[in-house]
Structures are given as structure tokens and as C-alpha cells.
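The values are calculated or read from the model by the stated rules, or taken from the named source; none is laboratory data. Note that the coordinates shown come from a computational prediction; the quantities given were computed from them, not determined experimentally. Note: ideal-geometry Cβ built from the backbone for every residue, glycine included; neighbour counts use all protein chains shown.
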């Protein structure tokens, strides 16, 4: 095979790389004298030396070689940087190619701009040390490790025109999410998706340890990744000239292979099965080109190169000398002209316009985002003549709606889930599509296809990572999951929320579609599984994030779920959490009432109470969530039968954030509107889907908050009947009615017989369910408006 | 090689297996007529059919074969059941071997007991459907998938006498945590640890999908696991007789290999490197021996066998007939005698006493737990003559204490962390031990050794899973982690808390050592990394769990951290979270004051306020956490200088749970004691380490709660100076002083000049830090008691 590089190309590439390395070191260390045109003095050096050098030269090496590929092959590349903590590398390269200064004109491509570039890095009021939202060309912050490869595949889905090189650090490779992400290739369809080129960057060390890959031979690593289905090629060494030659050749081979696979699969009759995609194992020294040793201790090619290889350069003359020599070793005078610009022959190595990885539209997905084509939800509404008249399955109705979404958006919308899409009753989508399956299929398989629009894998991490990559590169999607296990991605949620918080403030980052969760198979209906599957705490976690980012919805029935689902899919730059049931349940609101109720976020259900909306009730029975709503209405019916003189108001809450004040959340209700629902001084018995503390926290600033008595999940769970679950947690109709009687002043004293009746029903339930294994008829046959048995 | 089984042994083993399968089906379906001695009628069948059949026959198959190994080789085995949702299998087997009835005498080994065994399963008031804490022999619930292999390795560490077969479902194998867990073998030292035998149970399907392994050939799977460092052996098929023969042979080979490795490594001069441990790939049909099809649809060897393969058996005569035939196919009359006991020739197949896997002491680790040998913390205290007199690094002091713990408990205590033990300043432990490293070592490596007592891998999932396995099998440990990234294991924390909640109520489960987290490199001191590393929300997550399980400590300095760390390591059946700083910081309390303060959980720091403890102050300046404590004290100093007439009290909180009422938490303070600190009616300016809502939530039931004004993390983060971080979140001294002036009634009106002064300092800080990149001298040189500059 002919060399990919001529000698002169190799020299140019090496100089470009040195320029990127120089700028990276400059960012970590310098606040003045950017081109070292005078001797390095203490005051040129930042007082606090922060940042990560170790991974950076490798990142720069890959970047310049990908630039060559883009120019030569005219390819659209999205650079996903797993070791995003090597932020100086991405910043340096985007500055060199000009995309940085286009976005941040202050940081111009000249000596004044270079000084700003250096000073701003990890500096108060400046830019973060990682490849964060502020960094052009980034969709992966890389601070929390493990998600780069899932992001890369997510970005490649439905982008046949895109190739995503994904740099994975050998530290990151030890994490669980990354380990699982290698499986992603089994879900990538070369015909309709783009390609991912994983580049495992083995630099041998983490913060203070060798990496496992670092102490594994090339041969063993090749075996491992071959066994995972890839075709690995190795680039290994430390001599720059040899490394450039190897890297250029291996990249050419890899991109040739990608092109060959795509040609083959994009024929009219593509082959079956999963192709063997190329990947690259790049073994280069940590802190490559940096100081070999400092104070007699090994630095280059060791973990000491991880962050700042030589410290105290203001105070320590010898250290400052090491730094100066190190910077000068790149020969900045041969890289930059008198004005501080990259020399023209090096500028020519960078691609132009949107070809530059820092300007990649796929890394600023909002630029590519097309609005979702949504059907009219009215076509899927249930016909509810009177509240409680019919039973229905909320998520199944949403499934019908999603079926239309899938059909109307054939390349713009994907559903992700850990093998639970059917279990969550979204099965109607399978009338028009299938689960994505590139592997072997059997004649008896159902709903598996290489072009399926539902991606199921038993890894919440992968579902979340794929969806994030898909959204960040400009599309729409939904993650459906068991409620309890969404905690598996708590930390990924955090990072995405942080990304959105920052990106929303950057005018150049166009809004991306919201990340939508549908949590079904929730805490109250884990009949098969019990306690390990019973946890409603994700919404507590969500509520910690910035108010303008997060929304939590608890639609009580199908028509409200439809409104909420449709609404969420039309929003952007948010994280929407919808918790909804999948079991047959009474339906409360017709489609118009549902729309009105959901738009308001919460409201009085006049038909359920026994007092008009303007009269102050004796007690407010409030509810949020489908099961709490049923139990509240049953409790109200009990109260109306047993204590007819009691004035009861029913308030249902769909949009949890509406409970907060306007100052706390954009959806917050003004105090007068809040009091028009919850009164200024009456007791509120609040039946809540989740942990009670969340309601206290959301209503904390309300005048009447001391009158909120919340029943919710109190960590009592097991495999039992759905009604028994509510009893164990005192969220059932009898406990709610008892709470009302207890908290209305002076009422308890006069209602001893009613209290006895309610407690007798609880005792009867206790025995009945343990004998029969199912709920007593007064519960299982209960219907709104039919009265209660004695 | 000779056959491992004679024909008659094979027949016996098959019958035993059929008995376990029969009991498994019985548990899912029957509430009466347990031995089918009369025709199956609707009323014999449970009204709600719950549970998971699909995986169960495979689990039973493995169990009976391991019984043979135990008897023949006299080995201690701990059966870790990844697909714990196949709970009927573990329950059936422990009943057959007698360990179940010893723990639950009601469920006797006769026909009455069998009826109870069947009815109780997934039945209200009965037992859960999974291998939960209630299940003898279990340390892995298996409801949330992904942790079995990490648990298995955790149990094997420091247990040279133990072998842990770990069954991994092919669904679980797709998860991130499990994918990473294969690396565990690189941390297992055959000399001092036991062995793990992974058994990947490929039954081909999940809930509604094929598994990825299910559609991968044996050859490819063997390559894959060989490439990961194992020596896989395959057992594949569906004909029971052939499968028994294969399984017995392969198990014999695997246990021979384990014995050979252990012999080799337990010589005086063990070889270097990681041995190639055996593993087993068991490919058997999902729902093996169940109905082949129902209503014309494929069930056995397909995903429809996952839960209840034939439903509606009460109502549907044909389905009931299928069920009856299925049960009868096991020929119960040949398995059980007239009294319902397993026939003697089959009983003989089970091991005896503690050899039975249901009676394994390692699965009830509290039985093996030895108290930790702890040194006197006074040896490690810092000498603090007056508050604030010296600087110290809290976690480093704890490191000295941990060094002694490591030394005094050479086989009973391990430290786990994701490559951050040194970064978290626990380095003194490396004076007496090293990081565990079985792989290749270089001459310049530091603190790596095959017998190291610190296990570091870049996977929080592995750290947590290993530690859980280590604790559950009877030892002690500590997980040190960056605060933000502990969210990665939120869901694992949930599951462990659930396990503890249940196991504490089971008298036969002896208490295990607490799970201790040390979260350092916390939100306020992520100087190198910025926003992605800034998240204090784990303690919010923790606070959702049952009060008697969880504790959260925020020691403000070294001596308090020492007391708290020592205390936590001596507790059991809890989860303790300690958040503590690693940076040089002022030290407040001498060792006796620290002990007194920590024992109380919170208290007045009289030396810091300007009013005696009995006088009601104008304002309470409260703080929890090291950085908030510094800022509070600096604010108090400002107030004392600028508004000397203001009576200020300082309250520091170490034990967050003490803020709750006694009814809410065992550490909760009675209301009078609470008011003695926080007053009944005065404003409290609370500087908090985490999200402010947690303090509101914990103090919600306090009479004076409306006067709590909490400053904490408000999701404002980036790479900046530590002090600027507090300013961004309004937790700094100036904002705290301003808050005090604002909230003391009528004070603000008279203190316009002071407010101007404080705001001017904030403005000056803003400009100073952005120009100089470090904090202004009045902050960086601030010391308690030295007065403030003008």
C-alpha cells in the first residue's frame, strides 16, 4: 500500500499538530506573553494552574489527521471527544481552523486573540476546562466519563451522510456505560444510518493508576475488539514522524472500509447481518511531547502528566524554565506569523466552512432540527361521556398517537427503551414499525427489522446515551422506561440538564428538541416484581435542576396523557418527565376538558366535589398521579356518603411545577390563583404519586403550606395487589378519608362511627387480600358515581 | 475423559431437577391441591398469576448440578443469582434441601408446607417474586439487572475458602455495569481471594426481544469471553439427559481448573499475572420443560415464556388443562412421598448443614462479621489550640486513621474508589498498602501490588458492586468518590437500601457492616473540572430512604471528620454518607469539642457568636459543610465588625438527620432541644453544602421553619476560584451577611451603609477575580479572629 502522506505533507501535519499543542499548553499556563516573544516571567503565568494536559496531545493528533480526511474525501465529520477534559485540545483546534473566532469574535485569530484564548481558559469569567457546551464542535462534555460512544451512535442514527469519529479514553473504557456501548454496532443500519469510527486512545494512565487497557498488549486488545465485532487497526508509538505516517495510513484504510460497507449496504438488496466496522487503537504516550520528567520524577508517558505536569511555575524558577523550554520546543515562531496568525501553509490544512469540525452543524443540532410532524391528538382521544364512565389504558392511547408520529417522521423520530415498549403498552407503534434488529432473525420472530424505529436494548445507559446523541444532533425522540430503573441514568440526566442550562444561554447554540421520558410500569403497578421495582424518586432528582429546564407531568388518564405527550414532543431545550399508567383504569376527562385542565396545569374537578368552586370547602382533596386520583375520588365518594355535610373540593394536579411560585418556576401559579384552588386556610389532603416530601418542597413558599397533609410512597413495597400497595403506604381511599376527617377542625370528634367504619374496611381488606390473593369487590368493582357498598 | 455422571446419577439428578421445576410452577400457579392429587380445579389456581418462569428451569438446572459439586468436593459455594426474578427457583431449591423450612418452620417439608410454599409466593402478605432478602442463600435480589458479577467478586475478595458461581442472564449481560464487571478478574488475587465461576445463562430472550447473546453463535461467544480473559466452556442443548451429562462434565472441568489455579498461586512463590479463570456458557431454552405453545403461539424457547407462560387458567378450561399437563409432566408422584416430602433417594443429592447453598454463611454475611479493629482516633487528631488557629486537610487526617485500620484488619477491610483515593487525599493508606494490581508492572510504578488493599477501577458501578458483595458476605469497607459522580450509582444505592430495609426485619439475617461513602472533591472544590463535577444532590436522594437506614454527615473539619469516620465504621445495617473536604482549611474544634459536637449532631459554637447560649440572639447563622462553615464564620466576623450591636449565634450541623423531628428520624432532636439552638421565632440564615430544598424538607415540621433562609448550591457552576463558586451561588460571606441584615426585622432600614459596604466588596471581588484569576487577599488571607480589612 502506498503511503498516505508525502514527506512534505507529514511535515506540515506535524507543524499543525505542534501549533495545537502549543496553544493547549498556553491555555493551561499563560495569561500573557502568548508567543514567548520575551523571556517567560512569573507574571505571564496564571496564578492557578488548572486543566488536563495528559490526553490533549493525542486529541490534537487525531484532530489534525481527521482534518486531512475531511479535505481529501469531502466528508461530514462530527468529532465526539470522550476525554472532553482535554478541553484545551478542542479549543486550540477550533481556534486554528477559525470556527472559534467566528463564534467568539473577541478571541480573534491574532496575537491579541491568542492572549485572550490563553487567559480565558479555566479562568474566572472565562471558559470551562472541558469540552463543554461553550466549545464549538462539541456534543459531549466528557467530564463524567462513559457516554461518548453512545452519543456517537445516537448522532449517527438517521444521518446517512455523517461519519462520527469517537475518541474513547482508556480510562473511560473501564466504565460500565462505555463497556456496554460497544454493542451499539448491532443496532446501526449502514443503509439508513451514518457510521461511527471508534478510536480507543490508549495513553496508559488515569489520575494515579495505569489503565487496564494500558497494560494489555496490542494483540490482546485487537482480539478483544475483534471479538466484539469490530475490525481494529493499531497505531502505536511515540516518534511523531512514524506516528503521522501510520495514522494517515490507518485512517485511510478505515474510511475506505466505511465507504465499502456503505456502498454494499446501500445497494438495492443490502446484505443481511451486522458488518464488521473498522475501529482504531491508538497507543501514544500520556502527555506526549510534554516534559519527560520534573524534579527527577517521570511525567511523560505516566500518570503524572494527567493534569498540570509542572506546577508552581510562578514561584519556582526551574519549573518555569521547564515550561519555557517545553513551549519553545514547538517552535512557535515557525507556526505563527508576526500578527499571531497561523501561517498560511498550515491554515491550508484545515477544511473550510461547515466542513470544519468546530462548525459542524451536527454538533449544533438545533441548526438541523426540523419540527416534528404531529397529528391532531383529537383523533386518539377516548370518548368520555361522564367522568369515570369508561375504562381505558392511558399509555396504549398514547401508543396510537406515537404510531402516527413514527409514520409521519420516518427519519426524524426514534423511540428508545430497555425492552419495555410493549410492556409499557405502546404496542400500537408496532403496527407501523418494528424493533431495530440487524442480527439473525427467526421465522417466528415478531416485530424485528433492520429499519425498525424502536431501539430496545437492556441498558438504560445506552437508551439515554443514544437519545442524547440523537437529540443533540438535531432530531426528536422518546425514552420509555420502568419508573424505578430510570434512576440508573440519574447521573446522565444531570449532565444533560447541565448541558442544556449552559447551551440555552449561548446564542449560537440553536435549541434542540426536548428530552422526553415516559415512565410507566410505575411504583403503584409493579405487580409482578415488587419492592425492587418500586421507586418514584426520579422526579425528586429532576426537581433539583434549574427550573427553566425541567417539567414533570402526572396525567391521571388517557386524554390528559395525550395532551401532555403531544405538548412535550413540541417543546425544545427541556427535559420533560411524564409518569403515566399502563393498566386499565377509569377515564375522567373528555378531550376538551383534558386540554383545558392540562393547559392550566391543575384545577378543581367540580363534578367530583360537593361544593361550588367559589364556596370555600371544609377540606381540599388534592391528587397527582393516576392511582392517587382514583383513590382520592373513591375517598371523596366515601366522604360524601358517610359525612354528607362535609364540603369537599377536589383538585387534580397534572403539571407538578405549577405548585411552585412564579418566582421559582415559569409554570408556577401566582398566589391568588393557587389559593383559589387550595384555599388560604383549609386543610388539604394531598394524595401524591411519589415521596410526600416533594409536595412539601414545591409548596413550601405557599401561605397555606402548613395545611398540606401529603400521603405518598413511604418506602413500603412488595409483591402484592395494587390496592394493597396503596394501603401499605396509606395512600388508599380509607386512609385518605380518615385523614380528611382528622384534619378538618372539630370534625373527628363528631365522626367516631365513620372513623370506625373506615377502619373496619381496612381491617376487612387486610384479611380478605391475604386469604383470596385479590382485592375485595368493593375495591375491584368500584366505579365512580355508583355509591359504595355498606 | 470419563463421564462425570453414571446413568443412575443422571436419572436422579434429572428427577431432582424435575422436583425443583414442579415446585417452581406450583409457586406461580397454585394455592391449593399442591400435589395434584385431585383434578385441577379453578379454585386451586391463584386469582393473580405473577412471577417469572422463563429463567427458572435453567436456574434449577444449575443449582442441582452445583449440589453435586459441593457433595463431591466439599466446597463452600455461594450461589449468586443474577436473574433473581426467577425467585421460584431459589425458593424451590432451598425448600428441597431443607434450609428454607429451618428458617421458616411454617413452610414445612410436607404437603401442608408445600401448600404454604405455593400460596405465599407473590401473594399478599407472602413472599416477593424475586430472590430478595427473604430468600435464603441470596445476596443479590436480581430485580434490577447488572450487579450480580460485581457482587460475586466482592464476596470472593478475602475469602480464599469460598467459590462463587454467578449466574448471569443474557439480558443482564447487555447492561453497562455487567459489561464492566468482566474486568473484575484482573483484581482477584488467587492467593488470598476465593474464586468466581461466571455462568452466562443464554436462554435467548428478554421480555419481548431476543437477547444479543442469544443470536450470537457459541463460537463467537467463546471468542468474546476468551478475549476478556476467561476460559469459556459451552453447555448447549435442550435434551435433559444430554444436558446433564454435559453440565456435570463441564462443571468438573471448571472446578478442576479453579483448584489448579489456586494450587499454583498458593505456593510460596506464586506466578505473576492474571490467570485465565474458567467460565461456563450455558445455552438452554427459555421456559425449558414448559408448554411448547399456547393458543398456537410459540412459548418454550421464546420470549413468551418470560413471565407466566399460560394465563387465565381459572377461566379458560383449555389453559387449565395445559397447566395440569405441564405440572404432571414432572411426575410429582415419583418425586414426593405420601406426606409431600422429597423422596429419600433425592434428598440424598442435597448437601448437608451449612454446605447447603440456602444455608451458606457467606450469604448471610452478618454471621461471619467480625468487629473492625479500630485505633483510638485521638492519635490522629489535629491539635487545635483555638478555633481557626491552624490549617489542615480533613481527608488526609482521616487517611492516617484509615492507614491504621488497613493495618489492623488485613483480611477484613477494603477501600474502593474510581482512581481517586490519592486525589481525595487518603494517601497515607499507601504507606502501608498499595492499589490492587494483578497485571503487568513497570519499575517506575508506584503503589501497585497484587495484595493491595485499595481497589481502584474507573467504574463507580464496580466499586459499589464489589463493596456491596464484600459487606453482604461479612466484611467492612469504604467507598471514596467524587461527590458529583456518586450519582452514577444512585440506583444501586436504592437497591442496597431496600435490601437493608427488608433484611433488618428478618431475625435470621444477622446485621452486616454499614455501607460507608466518603464523598470528597465536592461541589465547592472542583477547581480543575467545573460544572460537570459540581453536584451535591446525592444526599437528597439518600434522604428519601427509610430513616432508620440512612445517615448523612457533613463534618466541618479534620477532628469532626475523624469522629464521624470512626463512628460510621463501627455501625451496622446502615448507609452512611460523609461529605468532607480535602483542601487545606481552617480547623475549628479540638478533639474533645469535636467529639461532643458530633455526638450531639449539631450545636452552638459559642466562641463564634457574640451572645451567650441562653440569650435569644437576633439572628442564627447556621451552617452545614466545610465551605459553608468557613463562609458563615467570615460572615459573622463581618457582622460583628460592621453591626456590633447585632446579637449573633452560630450553629453548626454535622449530622443532617438531627434536623428532623424524633418522629421522622432516630437522630431527630426533640422540639425543645431544636429550639434551644434555632430559637422559636428568630431568623436563621442557613449556609448549606447542598441544594437548599433539603434543609427546608428536613426542618419542615419545625415550629420556626418559616424563618429558615437557606443558601446553598443553586446550580451555578463553572471552572473558577473556590470563593467565586460561593459567590455565584450566593453562599459567600458577603451574601450571608447581607441575608442576616435583610432578615432581622427593621435592621436593614438602619444599615444602608453596611449593605453598601458588603455590596461593594462583592463588586470588587467580581472585578478582581476576573483580572487576577485568584481570590482577593481579604478572602485568600482571611483567618478567623484577625478582623477584616476595610
Which members of the range B:47-68 meet the condition of being buried (at least 24 other Cβ atoms within 10 Å of the Cβ) and assigned to a loop (DSSP other than H, G, I, E, B)? B:51, B:52, B:53, B:54, B:55
Looking only at the range A:204-222, count how many residues are more than 8 Å from chain B (Cβ to nearest Cβ) and in contact (Cβ under 8 Å) with a residue 24 or more places away in the chain. 7
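For the range A:103-141, give me each residue that is more than 13 Å from chain B (Cβ to nearest Cβ), closer than 18 Å to residue A:499 by Cβ and in a loop (DSSP other than H, G, I, E, B).
In the first step, residues of the range A:103-141 are kept if they are more than 13 Å from chain B (Cβ to nearest Cβ); the result is A:103-115, A:117, A:136-137, A:139.
Going one step further and asking which of them are closer than 18 Å to residue A:499 by Cβ, we end up with A:103, A:136-137, A:139.
A:136, A:137, A:139 - these are the residues of the range A:103-141 that are more than 13 Å from chain B (Cβ to nearest Cβ), closer than 18 Å to residue A:499 by Cβ and in a loop (DSSP other than H, G, I, E, B).
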Could you look through the range A:289-308, keep only residues that are buried (at least 16 other Cβ atoms within 10 Å of the Cβ) and touching a helix residue (DSSP H, G or I) at 6+ places or on another chain (Cβ under 8 Å), and pick out the one that is farthest from the other protein chains (Cβ to nearest Cβ)? A:289
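Looking only at the range A:662-672, which residues are within 14 Å of chain B (Cβ to nearest Cβ) and closer than 28 Å to residue A:535 by Cβ? Give the steps one after another, and end with the answer.
Going through the range A:662-672, the residues within 14 Å of chain B (Cβ to nearest Cβ) turn out to be A:663-665.
A:664, A:665, listed by residue number.
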Failed condition for residue B:282, given (1) in contact (Cβ under 8 Å) with a residue 60 or more places away in the chain; (2) more than 15 Å from residue B:65 (Cα to Cα); (3) buried (at least 18 other Cβ atoms within 10 Å of the Cβ): (2)
Name the residues in the range A:155-171 that are out of contact with any strand residue (DSSP E or B) (no Cβ under 7 Å at 6 or more places or on another chain) and either facing chain B (nearest Cβ under 7 Å) or under 21 Å from residue A:358 (Cβ atoms) (or both), would you? A:159, A:171
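Matching residues to (1) in contact with a helix residue (DSSP H, G or I) (Cβ under 6 Å, 6 or more places away or on another chain); (2) under 23 Å from residue A:495 (Cβ atoms); (3) within 12 Å of chain B (Cβ to nearest Cβ):
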| position | (1), (2), (3) |
| --- | --- |
| A:78 | yes, yes, no |
| A:89 | yes, yes, no |
| A:94 | yes, yes, no |
| A:101 | no, no, no |
| A:143 | yes, yes, yes |
List the number of the failed condition for residue A:189; all other conditions in (1) in a helix (DSSP H, G or I); (2) more than 26 Å from residue A:3 (Cβ to Cβ) hold. (1)
Of the residues in the range A:565-589, how many are surrounded by fewer than 24 Cβ atoms within 10 Å (Cβ to Cβ) and either under 17 Å from the mean Cα position of the chain (by Cα) or not in a loop (DSSP other than H, G, I, E, B) (or both)? 12
Selected residue (only one of A:421, A:374 is over 27 Å from residue B:177 (Cβ atoms) and in a loop (DSSP other than H, G, I, E, B)): A:374
The range B:103-130 residues that are at positive phi, paired with ones that are at pLDDT 95 or above and not in a loop (DSSP other than H, G, I, E, B) (beta carbon under 6 Å, 6 or more apart): B:125/A:770
Restricting attention to the range A:433-459, which residues are more than 7 Å from chain B (Cβ to nearest Cβ) and under 21 Å from residue A:513 (Cβ atoms)? A:433, A:436, A:452, A:453, A:454, A:455
Only residues that are surrounded by 24 or more Cβ atoms within 10 Å (Cβ to Cβ) and in contact with a strand residue (DSSP E or B) (Cβ under 9 Å, 6 or more places away or on another chain): list them for the range A:487-499, please. A:488, A:489, A:493
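Which residue, of B:715, B:675, B:645, B:631, is more than 12 Å from chain A (Cβ to nearest Cβ) and assigned to a loop (DSSP other than H, G, I, E, B)?
Working: B:715 fails: more than 12 Å from chain A (Cβ to nearest Cβ); B:675 fails: assigned to a loop (DSSP other than H, G, I, E, B); B:631 fails: assigned to a loop (DSSP other than H, G, I, E, B).
Exactly one of B:715, B:675, B:645, B:631 is more than 12 Å from chain A (Cβ to nearest Cβ) and assigned to a loop (DSSP other than H, G, I, E, B), namely B:645.
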Across the range B:424-461, what is the number of residues that are in contact with a strand residue (DSSP E or B) (Cβ under 7 Å, 6 or more places away or on another chain) and not in a loop (DSSP other than H, G, I, E, B)? 8
Residues that are more than 14 Å from every other protein chain (Cβ to nearest Cβ) and on the phi > 0 side of the Ramachandran plot, drawn from the range B:388-432: B:388
Pairs needed: first member in the range B:429-445, without any contact (Cβ under 8 Å) to a residue 12 or more places away in the chain; second member anywhere, part of a loop (DSSP other than H, G, I, E, B) and crowded, with 18+ Cβ neighbours inside 10 Å; C-beta distance under 7 Å; at least 6 residues apart or different chains. B:444/A:302
For the range B:239-262, the count of residues that are over 18 Å from residue B:185 (Cβ atoms) and out of contact with any strand residue (DSSP E or B) (no Cβ under 9 Å at 6 or more places or on another chain) equals 8
Criterion (surrounded by fewer than 24 Cβ atoms within 10 Å (Cβ to Cβ), outside any strand (DSSP E or B) and within 14 Å of chain B (Cβ to nearest Cβ)) met by exactly one of A:535, A:527, A:592: A:527
Testing residue A:540 on (1) at pLDDT 95 or above; (2) within 14 Å of chain B (Cβ to nearest Cβ); (3) buried (at least 24 other Cβ atoms within 10 Å of the Cβ), one condition comes back false. Which one is that? (3)
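Among the listed residues B:168, B:207, which satisfies the condition of being touching a helix residue (DSSP H, G or I) at 6+ places or on another chain (Cβ under 8 Å), more than 25 Å from residue B:449 (Cα to Cα), modelled with pLDDT under 95 and not assigned by the TED database to the domain that holds residue B:448?
Details: B:168 fails: modelled with pLDDT under 95.
After applying the criteria, what remains is B:207.
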All positions within the range A:462-497 that are farther than 18 Å from residue A:519 by Cα and not in a helix (DSSP H, G or I): A:473, A:474, A:475
Can you tell me which residue is surrounded by the fewest Cβ atoms within 10 Å (Cβ to Cβ) among those in the range B:142-154 that are out of contact with any strand residue (DSSP E or B) (no Cβ under 6 Å at 6 or more places or on another chain) and at pLDDT 95 or above? B:145
Which residue is surrounded by the most Cβ atoms within 10 Å (Cβ to Cβ), if the candidates are limited to the range B:223-246 and must be assigned to a helix (DSSP H, G or I) and within 9 Å of chain A (Cβ to nearest Cβ)? B:224
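Among the residues that make up the range A:484-505, is at least one of them at the interface with chain B (Cβ under 9 Å from one of its Cβ atoms), free of Cβ contacts under 8 Å to residues at least 40 places away in the same chain and within 23 Å of residue B:495 (Cβ to Cβ)?
At the first step, the residues of the range A:484-505 found to be at the interface with chain B (Cβ under 9 Å from one of its Cβ atoms) are A:484-495, A:497-499, A:501-502.
Still in the list and also free of Cβ contacts under 8 Å to residues at least 40 places away in the same chain: A:488-489.
Still in the running and within 23 Å of residue B:495 (Cβ to Cβ): A:488-489.
The answer is yes; a qualifying residue exists.
When you scan the range A:691-705, how many residues do you find that are within 7 Å of another protein chain (Cβ to nearest Cβ) and over 11 Å from residue A:660 (Cβ atoms)?
3
When you look at residue A:253, is it away from every other protein chain (no Cβ under 13 Å) and surrounded by fewer than 17 Cβ atoms within 10 Å (Cβ to Cβ), yes or no? Steps first, answer last, please.
Working: away from every other protein chain (no Cβ under 13 Å): yes; surrounded by fewer than 17 Cβ atoms within 10 Å (Cβ to Cβ): yes.
So residue A:253 passes the test.
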